[in-house]
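The values are calculated or read from the model by the stated rules, or taken from the named source; none is laboratory data. This structure is a prediction, so every number in the text was calculated from the model and none was measured. Glycine gets a Cβ as well: all are built from the backbone with ideal geometry, and neighbour counts include every protein chain shown. Areas reflect the complete protein model, heavy atoms only, side chains present, ligands, DNA and RNA absent. Shrake-Rupley method; radii C 1.70, N 1.55, O 1.52, S 1.80 Å.
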Amino acid sequence: MTAPYVIGCDIGSQGTNAALYAADGQLVASAYHAYDVSFPHPSWAEQDPRLWTAALHATIAELLRQVPEGPSAVKGLSFGSQLDGMVVCDAKGDPLRPAMIWMDRRAEPQAAAVAGQMSRADFYHHTGANLDSSHAAFKALWVRDQEPAVFADATSLMPPGSYVLREAAGVLAVDYSNASSLALLDPRTRTWSAPVLDAVGIDPAMLPELAPGTQPVGPVTRAFAERTGLSPETVVVVGCGDEMAATLGAGVYAPGEVCDVVGTAEPVCAASAGPREDPAMLVECHPHADPDVWLLENPGFVSGGNLRWWRDQFSPLERDAEARGQGDAYELITAPAAAVPPGADGLVYLPCMQGAMAPEWNGAARGVFYGLTLAHTKAHMTRALLEGSAYALRDILEGMRNAGLEVRRLTIVGGGAKGALWRQIKADVTGLPVRVPTSVETTATGAAILAAVGAEVHSSVAEAVEAFVAYRPEEQVPDPERREQYADAYRRYRDLYFTLKPIFDRP
């Protein structure tokens with residue numbers, strides 16, 4: 001490992017992970033700093049933006065202790081930041097209130113009011129995003145409506161990625177992917193959408209300047225250099241949203257490649273050579289971290305969270321065995337499910353524990369086990385749970401196909417990538433081969449790739465991906481017989497959902 005180096009930072013909602021990479025893509029060191037989310041009222045989720053800055057100071061300083069050549073050997077810094085957050089700042093760049101992060105859903109009335117000005121289909125056409133309160137523009141409208149004194153003092157509305165960029169470089173800018181999460185950007189032109197700005201009543205002068213994620217914006221500020229130990233010459237690169245960074249860090253940037261991010265939720269992103277629209281609006285269209293590529297994306301249904309619920313609530317023996325050092329609880333839970341036939345002998349699970357994001361967006365939907373008999377075992381229920389997520393994944397892939405994209409391979413990252421059975425089920429249900437990067441926590445990797453390109457350590461995104469991303473030698477491929485069995489099981493899953501939909505939608 002020799003200089004030069006770059007640093008990629010994953011600014012998440014639970015903490016910040018910073019990673020130091022050599023120019024050849026080798027991970028040298030990483031550092032993590034946790035922080036809290038505040039939930040002051042039902043449907044609210046807030047965070048002090050200054051926590052992100054403090055976490056950057058601490059993690060970068062820790063990384064620099066691992067650089068034998070000294071701070072000047074670190075040439076670039078960039079970020080993969082949580083999407084769908086809103087930071088309201090004054091003219092000095094100071095936050096006027098806590099940030100409203102991606103989990104915050106208080107702006108339902110504001111989204112409904114905009115729906116009275118513009119149809120949901122028109123909104124989707126103009127922005128590539130659904131007219132949904134999770135997106136940051138509606139959170140800004142909530143501040144305008146409910147905290148007018150705060151809004152009167154505001155000069156800037158920005159996502160978390162823009163806030164940390166200004167903290168590091170003193171420049172107010174936003175890349176196209178973070179801008180798209182505001183639900184104010186036209187993804188076709190990569191400019192602010194005038195019709196949507198008119199409908200929501202937001203002054204474009206309050207928004208950051210648009211820039212590619214690979215664009216260098218200058219050196220770190222003197223204050224940031226002093227707090228971190230970075231050289232004052234370190235180049236700061238704009239960066240992107242965390243889903244886009246995770247996708248890029250998985251090596252997914254060629255058209256038709258799909259990144260399946262399996263954590264508590266399961267966002268699914270596919271690279272596309274141009275912007276596309278899904279007639280059913282199941283998948284959104286956003287610019288990718290790579291300025292020459294777009295993403296078709298579903299922001300994710302509860303997936304790994306279902307398996308954790310199954311472990312925590314119904315698997316005390318496996319948890320106890322793990323505590324005694326007798327194996328991983330998840331592996332102990334899922335191993336018996338491998339002996340259950342595809343389709344779980346007619347048992348179906350709908351993975352809608354916090355509402356549905358597939359086969360449609362429906363916040364009223366709920367999780368269901370259907371088809372239980374006295375012949376079913378815990379292993380059947382475990383397999384049905386794994387299969388339910390695979391069916392939802394197939395729904396999303398079908399939405400991408402309906403948008404005109406030919407999907408051809410799955411790259412799975414996140415904690416859920418560790419389970420070989422789950423990977424094989426997804427291959428069999430979707431009919432796509434499945435691969436896994438050697439590192440499944442890829443957000444910091446994607447940010448480091450942008451830092452390497454912006455700091456001219458690498459000449460292109462493709463060159464940097466080639467250096468930074470490698471894959472495990474084994475690859476799951478679909479089994480034709482199981483694929484046929486799953487065709488029937490998938491139809492049963494969809495029939496069940498749409499049969500229950502009237503019950504879900506009852507007040």
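Summing -39500 (n - 2.57) over the DSSP H runs of n ≥ 4 in the chain and dividing by its residue number, what mean residue ellipticity at 222 nm do you reach, to the nearest 500 deg cm²/dmol?
-11500 deg cm²/dmol
Evaluate the relative contact order of segment 47-187 (contact order divided by residue number), counting alpha-carbon pairs under 8 angstrom at least 6 apart; express in whole percent.
This gives 30 percent for segment 47-187.
When only alpha-carbon atoms are used, what values of Rg and Dmax, in angstrom, describe the chain?
According to the Cα coordinates of the chain, Rg and Dmax are 22.4, 69 Å.
Excluding residues fewer than 8 places away in the same chain, name every one of the aspartates and glutamates whose C-alpha is closer than 13 Å to that of K501.
By straight Cα distance, K501 reaches E360.
Three principal axis extents, largest first, for the C-alpha atoms of segment 215-312, in Å?
In descending order, the Cα extents are 47, 42, 21 Å.
Binning every alpha carbon pair distance of segment 189-242 at 10 Å from zero, what are the percents per bin?
Binned Cα distances yield the sequence 20, 33, 28, 16, 4.
Please report the carbon-and-sulfur percent of the accessible area for segment 390-507; probe 1.4 Å, protein heavy atoms only, DNA, RNA and ligands left out.
47
Taking only the Cα atoms of segment 434-498, how large is their convex hull per residue, in Å³?
Dividing the Cα hull volume of segment 434-498 by its residues yields 139 Å³.
Any idea what log10 I(q)/I(0) is at q = 0.12, 0.18, 0.19, 0.22 Å⁻¹ for segment 386-507, Debye with uniform C-alpha scatterers and no solvent?
Values, matching the q order: -0.59, -1.01, -1.07, -1.23.
Considering only the chain, what is the antiparallel percent among its DSSP beta bridges, to the nearest 5?
Antiparallel bridges: around 70 percent, rounded to the nearest 5.
How high is the relative contact order of the chain, given as a whole-number percent (alpha carbon pairs under 8 Å, six or more residues apart)?
16
Using only the Cα atoms, what convex hull volume per residue in Å³ does segment 1-81 have?
It comes to 79 Å³ per residue, whole-number rounded.
Using a Förster distance of 41 angstrom, determine the FRET efficiency expected from the C-beta separation of D122 and R472, and round it to 0.05.
So the FRET efficiency works out to roughly 0.40.
Tell me the label-point distance for the pair R483, S43, using the 7 Å Cα-to-Cβ offset, in nm and rounded to one decimal.
4.4
So with the 1.4 Å probe, I'd like the accessible area per residue for the chain, rounded to whole Å².
38
Could you work out, for segment 285-410, what percent of all Cα-Cα pairs fall into each 10 Å distance bin, beginning at 0 Å and stopping at the bin that holds the largest distance?
Whole-percent P(r) values from 0 Å outward: 12, 34, 31, 17, 6, 0.
Taking the alpha-carbon distance from K139 and a cut-off under 25 Å, which lysines remain once sequence neighbours fewer than 8 residues away in the same chain are dropped?
Straight-line reach from K139, under 25 Å: K92.
Would you mind calculating the relative contact order of segment 161-284 from Cα pairs under 8 angstrom and at least 6 residues apart, reporting the percent as a whole number? Kindly include the intermediate steps, with their values, before the conclusion.
Details: 162 pairs, mean separation 27.4, N = 124.
Dividing the mean separation by the residue count of segment 161-284 yields 22 percent.
What base-10 log of the normalised intensity I(q)/I(0) is obtained for segment 325-476 from the Debye formula, alpha carbons as equal point scatterers, at q = 0.15, 0.20 Å⁻¹?
-0.94, -1.30
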